[in-house]
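Trainee: Take a look at the following structure, please.
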Amino acid sequence: MESVSWGIEVHGGGSDMSVLQMFLIALFIYLGSIGSIVGNTIGWYTLGRPLVASFVVGLIFGDVQDAMIVGIPLQVMYLGNVTPGGAVAWDLSYATYIGTTGALLFGQGMDATALIGVATVFAGIGGLVGQLVWNVTYALNIPLNRVAAKYAEAGDTKRMYVPNVVLGQTIGFIFRFVPAMLILGGMTAASTQADFASIIPPYITTCLTIFGGMMAALGMGILLSFLLKKKWYVVIFLAGFILVTYFKLSMMGCAVVATILAVTYYEVSAKPAQSEKEA
């Protein structure tokens with residue numbers, strides 16, 4: 001991992017981050033939580049998604065390939081993550097930016113599966129911190145909402161801008177950016193002390209490899225638990241698995257077969273319903 005970008009320095013098996021790199025990653029952790037950049041489109045649903053977050057970290061480190069190696073499994077892991085009513089079980093933005101950074105800092109010299117394991121460990125730390133930060137910012141925004149409501153009742157829409165936007169985003173920035181800088185600073189300090197890949201025992205590396213291999217399967221399983229509403233849907237999933245694994249059908253070919261089956265199923269199931277309406 002010898003590519004040099006944004007001031008990254010390589011030290012044997014580990015690398016430290018420049019202040020600029022830490023600033024950029026912490027800034028994107030904040031931007032990935034905003035729900036008001038073109039609605040939710042750019043912030044929460046783009047910059048806050050694991051695949052995009054890993055790509056951004058890869059650009060900052062100058063190592064997009066390794067970043068995407070861990071980004072894709074992290075995306076699969078969190079496909080089933082939902083936030084009902086604003087409740088955040090795991091902060092995807094924090095988890096992925098910290099997880100990918102941890103993998104690039106400490107995972108040099110490891111194979112891809114172990115690298116994913118390292119990313120998952122740091123993603124767990126980042127996700128937990130992000131969840132706590134999210135709850136704190138929500139709590140601090142409650143009195144601001146009350147102030148904005150008073151302005152709304154008085155018809156003073158111009159002054160609503162201050163509690164809703166200025167103060168709200170200031171709180172969000174401080175409570176997401178500052179903890180991120182502290183975490184990233186601690187990570188880069190630890191990465192300069194020794195070659196992480198060489199000092200950890202072999203059994204830890206084995207555990208990380210197994211753990212990393214399980215995570216993508218776990219994420220897919222969680223997603224399937226939402227998608228497979230009827231028991232016989234499992235047959236369709238297994239059919240696709242067999243076509244790809246044993247018959248080596250390409251993804252495009254599998255998509256064409258799936259489209260044909262979907263159209264056929266729709267036509268067959270729609271006709272009885274249409275006949276009942278006509279009767």
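The values are calculated or read from the model by the stated rules, or taken from the named source; none is laboratory data. Values in this document were obtained by computation on a predicted structure and should not be read as measured data. Heads up, the Cβs are rebuilt from the backbone with ideal geometry, glycines too, and the neighbour counts pull from every protein chain shown.
Trainee: Name the single residue that is modelled with the lowest pLDDT among those in the range 186-210 being more than 14 Å from PHE106 (Cβ to Cβ) and under 21 Å from the mean Cα position of the chain (by Cα).
Mentor: Across the range 186-210, the extreme among qualifying residues is THR209.
Trainee: While we're on this one: Residue check, GLN193 against (1) assigned to a helix (DSSP H, G or I); (2) exposed (fewer than 13 other Cβ atoms within 10 Å of the Cβ); (3) not aromatic (Phe, Trp, Tyr), all met but one. Which one?
Mentor: (1)
Trainee: Can you tell me which residue is surrounded by the fewest Cβ atoms within 10 Å (Cβ to Cβ) among those in the range 249-267 that are under 18 Å from VAL234 (Cα atoms) and in contact with a Leu (Cβ under 8 Å, 6 or more places away or on another chain)?
Mentor: Once the filter is applied, the top-ranked residue is VAL257.
Trainee: Can you find a residue that is at pLDDT 85 or above, assigned by TED's automatic domain parsing to the domain that holds CYS207 and farther than 29 Å from LEU227 by Cβ anywhere in the range 108-121?
Mentor: Yes, the range 108-121 contains at least one residue that is at pLDDT 85 or above, assigned by TED's automatic domain parsing to the domain that holds CYS207 and farther than 29 Å from LEU227 by Cβ.
Trainee: Further, regarding this structure: Quick one: count up the residues across the range 1-48 that are under 25 Å from LEU92 (Cβ atoms), assigned to a loop (DSSP other than H, G, I, E, B) and at pLDDT 50 or above.
Mentor: Total meeting the criteria: 13.
Trainee: Do you know which of the residues in the range 53-70 that are under 17 Å from MET22 (Cβ atoms) and surrounded by fewer than 18 Cβ atoms within 10 Å (Cβ to Cβ) is modelled with the highest pLDDT?
Mentor: Taking the candidates together, the pick is LEU59.
Trainee: Another question, then. Does at least one position in the range 129-143 carry a residue that is more than 21 Å from TRP44 (Cα to Cα), of a type outside the set (Ser, Thr, Tyr) and not in a loop (DSSP other than H, G, I, E, B)?
Mentor: yes
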